[in-house]
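> Could you have a look at this structure, given as structure tokens, before my questions?
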Amino acid sequence: MQSATHISWFRDVGLADRPQVGGKGGSLGELQRAGIDVPPGFVVRTEAFEHFIASLERQAPVRARVEVLDEGDLAGITAVSVELRARCEAEPLPEDLQHHILAAYQALGTGVGDPIVAVRSSATTEDAVDASFAGLQDTFLWVMQPEEVLRKIRSCWASLYSVESISYRRRQRFPESAVAMAVVVQKMVDARTAGVMFTRSPTTGDKSVITIEGAWGLGSAVVGGEVTPDRWVLGKITGEIPVRDISDKAIRHVPLATGGVAEEPVDEAQRRAPCLSDEELQALRKVGRAVERHYGRAQDIEWAIDRHSGSLLLLQSRPETVWSNKDARPAVAQAADPMLHVMSIFGGKK
């Protein structure tokens, strides 16, 4: 296999490449090509996953084990999940694939030590408008050695066979042959502050506002629900800030020198201090509007502010689905025969 089949850099892909680079990979490439600042990185494409799964299939079935599961059979799903995840974790990567991944990984560095990266699952079925796999597969932060990068890529592939992911696919009747996993390898942001932004109110569906939530440290504490974030609501056009909910942010996620992430208490002086300035809020609003214009629909965005440079970087953007799906539903269920409605009106008159 050639390296182009294994690896794609963000600059070379977009949403149209989702079958090969997954939802997250396609989105990051699309953002970079639209001029939005994202941490640099590359995608281990689905062709690499297929290459890996083919070697497992030669030993024993993988996809067929999932296809026969009943959506209500939790015990069966759990047993298959344990089996398939263990097989993915234990199977070594083909040598040609290892070579291409490690060459791209080293290219992310500056020549002084190994680059520090996030290794993020990017399933082909995630972040779609009509169905989202977001959060069902694994992400690993602050990965800092070549061997660990390879191991975490296998762990991302293995997470495609988590109980939650298998259960969701069986409920949605997704054919296993259409499900694949790309993996994003992306330089880490040592975030002072991070969080999420919605270009449509997540509580009311209001399209005229942007809601921003954030907390100190890495965004994993916000996304994982381990801290109650600060919350602001801004007028999308005017920039007015009618809502400022500053929470008591008792903990934050910080990187470990040996790799990985730890939880630590926030200093008393910072706990109730807003984690974003008004200038940073307006910068986020501006970027949120640009991303929404680019995609032509409301977005759910992950962002971070670098501790050292103060730069604002986007880590992900996916379509907002809750209110958009409600908008798409008809207000009244359509009858199988539209004439029945007319007949019921006139037939009921005396």
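The values are calculated or read from the model by the stated rules, or taken from the named source; none is laboratory data. Keep in mind the model is a prediction, meaning the values are calculated, not measured. Cβ atoms come from the backbone with ideal geometry, glycine included; neighbour counts cover every protein chain shown.
> Count, please, the residues in region 214-232 that happen to be part of a strand (DSSP E or B) and small (Gly, Ala, Ser).
So in region 214-232, the residues part of a strand (DSSP E or B) come out as 214-217, 230-232.
Still in the list and also small (Gly, Ala, Ser): 214-215, 217.
Counting residues in region 214-232 that are part of a strand (DSSP E or B) and small (Gly, Ala, Ser) gives 3.
> Going through region 134-164 one residue at a time, which ones are assigned to a loop (DSSP other than H, G, I, E, B) and within 22 Å of residue 77 (Cα to Cα)? Talk me through it step by step, then tell me what you get.
Quick first cut of region 134-164, residues assigned to a loop (DSSP other than H, G, I, E, B) only: 134-138, 144-145, 160-162.
Passing the criteria: 134, 135, 136, 137, 138, 160, 161, 162.
> In region 248-273, which residue that is part of a loop (DSSP other than H, G, I, E, B) and touching a helix residue (DSSP H, G or I) at 6+ places or on another chain (Cβ under 9 Å) is modelled with the lowest pLDDT? First the steps, then the outcome.
Of the residues in region 248-273, the ones part of a loop (DSSP other than H, G, I, E, B) are 248-250, 256-260, 266-267, 272-273.
Those left that are additionally touching a helix residue (DSSP H, G or I) at 6+ places or on another chain (Cβ under 9 Å): 248-250, 259.
Details: 248: 97, 249: 97, 250: 96, 259: 91.
In this case the residue turns out to be 259.
> Also, quick follow-up: Go through (1) buried (at least 18 other Cβ atoms within 10 Å of the Cβ); (2) at pLDDT below 95 for residue 305 and report which single condition fails.
Residue 305 satisfies all of (1) buried (at least 18 other Cβ atoms within 10 Å of the Cβ); (2) at pLDDT below 95 except (2).
> A further question follows. When region 1-48 is examined, which residues are found to be more than 16 Å from residue 299 (Cα to Cα), among the hydrophobic types (A, V, I, L, M, F, W, C) and in a helix (DSSP H, G or I)?
Those that are more than 16 Å from residue 299 (Cα to Cα), among the hydrophobic types (A, V, I, L, M, F, W, C) and in a helix (DSSP H, G or I): 4, 10, 16, 21, 48.
> In the set 258, 228, which member is among the hydroxyl-bearing types (Ser, Thr, Tyr) and surrounded by 14 or more Cβ atoms within 10 Å (Cβ to Cβ)?
Numbers: 258 fails: surrounded by 14 or more Cβ atoms within 10 Å (Cβ to Cβ).
After ruling out the rest, the residue left standing is 228.
> May I pose another question? Being surrounded by 15 or more Cβ atoms within 10 Å (Cβ to Cβ), modelled with pLDDT of 95 or more and part of a loop (DSSP other than H, G, I, E, B) narrows it down to one residue among 241, 237, 210; which is it? Spell out the reasoning first.
Details: 237 fails: surrounded by 15 or more Cβ atoms within 10 Å (Cβ to Cβ); 210 fails: part of a loop (DSSP other than H, G, I, E, B).
Matching residue, one of 241, 237, 210: 241.
> With the structure loaded, tell me whether residue 270 is outside the structural domain of residue 39 (by TED's automatic domain parsing), farther than 26 Å from residue 43 by Cβ and of a type in the set (S, T, N, Q) or whether it fails that test. Lay out the reasoning, then the answer.
On the way: outside the structural domain of residue 39 (by TED's automatic domain parsing): yes; farther than 26 Å from residue 43 by Cβ: yes; of a type in the set (S, T, N, Q): yes.
Yes; evaluated as a whole, the condition is true for this residue.
> Same structure, new question: Let me confirm something: among 70, 17, which residue is surrounded by fewer than 14 Cβ atoms within 10 Å (Cβ to Cβ) and either in contact (Cβ under 8 Å) with a residue 24 or more places away in the chain or closer than 30 Å to residue 311 by Cβ (or both)?
On the way: 17 fails: surrounded by fewer than 14 Cβ atoms within 10 Å (Cβ to Cβ).
None of the other options fit; the residue is 70.
> May I ask you to list the residues in region 207-227 that are touching a helix residue (DSSP H, G or I) at 6+ places or on another chain (Cβ under 9 Å) and without any contact (Cβ under 8 Å) to a residue 60 or more places away in the chain? It would help to see each step written out before you state the result.
Looking only at region 207-227, we keep the residues that are touching a helix residue (DSSP H, G or I) at 6+ places or on another chain (Cβ under 9 Å), and these are 207, 210, 212-216, 226-227.
Scanning region 207-227 gives 213, 216, 226, 227.
> Right, something else. Is it the case that residue 280 is farther than 23 Å from residue 42 by Cα, at pLDDT 95 or above and either among the charged types (D, E, K, R) or assigned by TED's automatic domain parsing to the domain that holds residue 10 (or both)?
Details: farther than 23 Å from residue 42 by Cα: yes; at pLDDT 95 or above: yes; either among the charged types (D, E, K, R) or assigned by TED's automatic domain parsing to the domain that holds residue 10 (or both): yes.
Against the criterion (farther than 23 Å from residue 42 by Cα, at pLDDT 95 or above and either among the charged types (D, E, K, R) or assigned by TED's automatic domain parsing to the domain that holds residue 10 (or both)), residue 280 qualifies.
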